[in-house]
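Here is the structure we will look at, set down as structure tokens.
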Amino acid sequence: MTSAEIRQAFLDYFNQQGHEVVASSSLIPANDPTLLFTNAGMVQFKDVFLGDDKRPYQRATSSQRCVRAGGKHNDLENVGYTARHHTFFEMLGNFSFGDYFKVDAIRFAWTFLTEVMGLPKEKLWVTVHHTDDEAERIWKEEIGVDPERFSKLDEDNFWAMGDTGPCGPCTEIFFDHGEEVFGGPPGSPDEDGDRYIEIWNVVFMQYNRSADGEMTPLPRPSVDTGMGLERIAAVMQGVHSNYEIDMFQNLLKATAEAVGTADLDNKSLRVIADHIRSCAFLIVDGVTPSNEGRGYVLRRIMRRAIRHGNKLGAKGAFFNTLVSALVKEMGGAYPELVKLQEHVERVILKEEQQFAKTLDHGMKLLSEAIDALQGNIISGETVFKLYDTYGFPVDLTADVAREHQLGIDMEGFDAEMEQQRQRARASGSFSVDYNDKLSIDGETAFTGYDHCEEQADIVALFKE
Ligand code: ATP
Ligand code: MG
Ligand code: MG
Ligand code: MG
């Protein structure tokens with residue numbers, strides 16, 4: 001089955017079960033300053049769950065474009081390293097606004113996977129929240145799932161869109177990609193591998209979490225589910241990685257051509273193919289590269305992609321040329337992309353031209369710093385210089401560092417920023433608040449290695 005056929009089969013199935021088919025909303029959440037980007041199908045229904053908005057239907061289904069590149073759900077650092085993460089992906093979902101609850105939600109998901117998709121039951125693993133005896137009973141007694149492939153987990157089975165807002169316990173379905181792939185079942189010591197891949201999360205929306213962490217029950221218990229289209233497509237097409245599915249094939253080929261490589265399995269190629277999707281759709285939804293907020297996240301993703309192209313030997317601006325391949329692949333499902341193709345190309349080209357001026361010099365400085373390095377942490381001074389003089393977002397430097405199995409000194413970087421600020425203040429000149437530059441709605445834009453502990457973990461990981 002092609003991705004397009006799977007998307008359609010999903011919407012058709014839920015429509016037959018009385019769900020209104022609702023179009024994907026924008027990647028920029030409407031009226032929600034707490035959220036950087038739409039990161040799940042439920043975002044456009046947030047107020048309906050909270051009881052603050054009403055719709056003429058109580059059941060809905062959608063294929064929602066999502067970006068997870070900042071904020072609570074941030075997968076930027078995973079792209080290129082796992083088989084299952086993108087910055088941009090499509091989330092298939094079904095929703096109940098105070099209508100059906102656990103029994104039907106579980107039944108629908110199971111029926112879709114085992115009957116409509118025809119997946120063998122022995123390949124599917126299930127988890128529920130450790131307090132959720134009701135969901136456990138439904139799975140074991142009503143569905144008859146094998147207890148061998150069932151487990152109860154803690155944080156992994158409690159879903160929240162952000163630090164505040166609707167949330168609740170969930171049940172997740174995993175697909176076993178087979179012995180040749182490393183990784184243990186959910187909850188096992190080596191679950192971090194990619195053998196058991198989470199395909200579907202069924203959330204029982206029950207609470208609203210406020211800023212102080214207090215959870216109040218929602219007016220009516222509801223259901224919110226999300227299944228990554230690319231992940232179910234990988235399962236249905238008998239491939240392990242999302243990057244091997246139909247939707248990515250032409251994109252990867254176009255990317256390989258644009259940068260001049262023949263190696264289609266290259267990690268950088270995957271990063272670029274992933275990033276063109278998020279960049280193009282963010283631009284379609286009105287974001288432009290800038291030095292703050294959402295625009296800075298877009299700039300970070302673009303510069304990261306451009307650097308990966310440069311690494312593969314791309315000569316000149318290449319990233320903008322991938323838009324036409326993307327339009328071929330996704331224009332059918334997203335007419336807005338077709339309409340804005342030229343605009344998207346122009347915005348990307350401009351950023352490429354701007355970054356080209358400093359990329360080579362910055363890379364040279366970084367390579368020299370890496371060659372001269374004693375130990376395995378790149379100094380805050382170097383990271384700052386790259387940021388300040390060469391326009392290298394911190395996560396881009398961290399990305400290069402990681403390729404060399406190195407970390408970066410974030411504390412040192414922060415100290416350099418602080419000094420810069422003080423110098424600006426002392427000289428009485430206009431001061432640019434670099435912290436503001438890096439912050440998004442009160443959160444730090446780069447959250448990859450900004451804690452010493454995390455960084456130590458990463459360094460330790462590479463030493464193993
Ligand atoms: P994972 O544990 O694999 O990171 P998740 O638990 O963060 O996934 P959810 O928030 O539960 O994901 O989102 C619902 C579904 O959306 C997932 O089950 C998965 O199929 C899909 N999904 C989540 N993140 C991504 C991503 N970065 N790229 C592609 N699909 C994703
Ligand atoms: Mg995740
Ligand atoms: Mg998960
Ligand atoms: Mg999940």
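The figures follow:
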{"quantity": "The stretch 294-413 - Kirkwood radius from inverse mean 1/r over Cα pairs (Å)", "calculated": "15.5 Å"}
{"quantity": "Under 25 Å from the Cα of K102 - lysines, other chains or at least 8 residues apart", "calculated": "K46, K54, K121, K123, K140, K152"}
{"quantity": "Under 15 Å from the Cα of K72 - aspartates and glutamates, other chains or at least 8 residues apart", "calculated": "D32, E155, D156, D163, D441, E443, D450"}
{"quantity": "Surface accessible to a 1.4 Å probe, E342 within the full protein complex, Å²", "calculated": "130 Å²"}
{"quantity": "List D212, D32, ordered by accessible area with a 1.4 Å probe, largest first", "calculated": "D212, D32"}
{"quantity": "Relative contact order computed over the stretch 109-199 (Cα-Cα under 8 Å; 6+ residues apart), in percent", "calculated": "27 percent"}
{"quantity": "Isotropically averaged projected area of the stretch 7-75, using the convex hull of Cα atoms (one quarter of hull area), nm²", "calculated": "5.1 nm²"}
{"quantity": "In the stretch 215-364, lysine pairs with alpha-carbon atoms under 21 angstrom apart (chain gap of 8 or more, or interchain)", "calculated": "14"}
{"quantity": "Between 0 and 90°, nearest 10: helix 394-403 axis offset from the chain longest Cα axis", "calculated": "80 degrees"}
{"quantity": "Options V202, F248, A415, ranked by Cα towards positive dipole end of the chain, top entry (Cβ charges)", "calculated": "F248"}
{"quantity": "Built amide H within the under 5 Å cut-off of I378, gap 5+", "calculated": "G407, I408, D409"}
{"quantity": "Sulfur and carbon atoms: percent of accessible area, the stretch 281-348 [1.4 Å]", "calculated": "48 percent"}
{"quantity": "Helix 341-371 axis, angle to the chain major axis (alpha carbon atoms, nearest 10°)", "calculated": "60 degrees"}
{"quantity": "Distance between modelled label sites at E292 and N31, nm, 7 Å Cα→Cβ extension", "calculated": "2.5 nm"}
{"quantity": "Electrostatic dipole magnitude of the stretch 1-128 [Cβ: Lys, Arg +1; Asp, Glu -1; Cα centre; debye, to 20]", "calculated": "180 debye"}
{"quantity": "Hz values of 3J(HN,Hα) by residue in the stretch 67-82 - Karplus curve (6.51, -1.76, 1.60), Gly and Pro given as x", "calculated": "10, 10, 9, x, x, 5, 9, 10, 10, 3, 6, 7, 5, x, 9, 10"}
{"quantity": "Probe 1.4 Å, accessible area per residue of the chain, Å²", "calculated": "42 Å²"}
{"quantity": "The chain: C-alpha gyration tensor shape, a/c 1.5 cut-off, then a/b vs b/c", "calculated": "prolate"}
{"quantity": "222 nm mean residue ellipticity, helices alone, for the chain (DSSP H n ≥ 4; -39,500 (n - 2.57); rounded to 500)", "calculated": "-13000 deg cm²/dmol"}
{"quantity": "Solvent exposure ordering (accessible area, 1.4 Å, most first) of W110, W125", "calculated": "W125, W110"}
{"quantity": "Cβ-placed point charges (K, R +1; D, E -1), dipole of the chain about Cα centre in debye, nearest 20", "calculated": "1640 debye"}
{"quantity": "The stretch 197-291 shape via C-alpha gyration tensor axes, a/c threshold 1.5", "calculated": "oblate"}
{"quantity": "Angstrom value of the Kirkwood radius, inverse mean 1/r, which spans all Cα pairs in the stretch 232-354", "calculated": "14.6 Å"}
{"quantity": "Accessible area of the stretch 1-75 belonging to carbon and sulfur atoms, whole % at 1.4 Å probe", "calculated": "44 percent"}
{"quantity": "Highest average packing first - 294-300, 89-95, 362-368, Cβ atoms within 10 Å", "calculated": "89-95, 294-300, 362-368"}
{"quantity": "Exposure rank, largest accessible area first [M205, M1; 1.4 Å]", "calculated": "M1, M205"}
{"quantity": "Most positive-pole-ward Cα, F174, V297, L229, against dipole of the chain from beta carbon charges", "calculated": "V297"}
{"quantity": "About the Cα centre, charge dipole magnitude for the stretch 245-343 (Lys/Arg +1, Asp/Glu -1 at Cβ), debye", "calculated": "420 debye"}
{"quantity": "Relative intensity, log₁₀ I(q)/I(0), of the stretch 128-243 from a Debye sum that treats every alpha carbon as a point, q = 0.10, 0.20, 0.22 Å⁻¹", "calculated": "-0.35, -1.16, -1.27"}
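The values are calculated or read from the model by the stated rules, or taken from the named source; none is laboratory data. Remember, predicted model here, so these are calculated numbers, not experimental data. Glycine also receives a Cβ, built like all others from the backbone with ideal geometry; neighbour counts cover every protein chain displayed. These accessible areas exclude ligands, DNA and RNA; they are computed on the full protein's heavy atoms, side chains included. Shrake-Rupley method; radii C 1.70, N 1.55, O 1.52, S 1.80 Å.
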